Amino acid sequence: MPAKLRAAVEQHQAEAPVDLAALARGFGLSVKAATLAPGISGEIRPEGNSFVIRVNRHDAAVRQRFTVAHEIAHFLLHQSEIGKGITDDVLYRSSLSSKIEAEANRLAADILMPDHLVQRIKANSEVLNINDIPLHLSKRFGVSESAMKIKLGL
């Protein structure tokens, strides 16, 4: 990702949880909760001069957060591929290649769980003798415990 875009993302990564709404607004994106077809987690589509992200209102909050980050990642990495829109199913698969979806998943995880914040809060948690650090961190970052365990390499 170009340094200018990386810097724009990093502006929103000073504290956990990352404010995805502010991040999206910073790129001129709107985010809307919607009732999407069964098995669909989210989509990004052109609307006017920008793009709108729709997230399935029936998904769990942590799932919605990852979906929004995933769609922002498509905007940042694959804007030329969006065309009339990208719809992602519950496994974050779309009509795009698995390589492109994997890139969006990796960036989504990096947006939600930036290394510097994870390491700082993890170290503080250890000092405080918190028993279940992955669970504690998942709650602080607004992500699923399984996503945090992957981030921590567990």
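Numbers for the structure displayed
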item	result
Tally of residues being modelled with pLDDT of 95 or more, outside any helix (DSSP H, G or I) and open to solvent by less than 50 Å² (accessible area, probe 1.4 Å) across segment 92-151	5
Verdict on Arg57 being charged (D, E, K, R), surrounded by fewer than 13 Cβ atoms within 10 Å (Cβ to Cβ) and either more than 14 Å from the chain's Cα centre (by Cα) or closer than 24 Å to Ser146 by Cβ (or both)	yes
From the options Arg54, Arg65, Arg45, residue that is basic (Lys, Arg) and not in a strand (DSSP E or B)	Arg65
Segment 1-42, residues that are touching a strand residue (DSSP E or B) at 6+ places or on another chain (Cβ under 7 Å), assigned to a loop (DSSP other than H, G, I, E, B) and surrounded by 15 or more Cβ atoms within 10 Å (Cβ to Cβ)	Leu29, Leu36
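The values are calculated or read from the model by the stated rules, or taken from the named source; none is laboratory data. Computed from a prediction, not measured in an experiment: that's the story for all the values here. Because the Cβ atoms are built from the backbone with ideal geometry, glycine has one as well, and the counts that use them run over all protein chains shown. Ligands, DNA and RNA are excluded from the accessible area calculation, which covers all protein heavy atoms including side chains. Shrake-Rupley method; radii C 1.70, N 1.55, O 1.52, S 1.80 Å.
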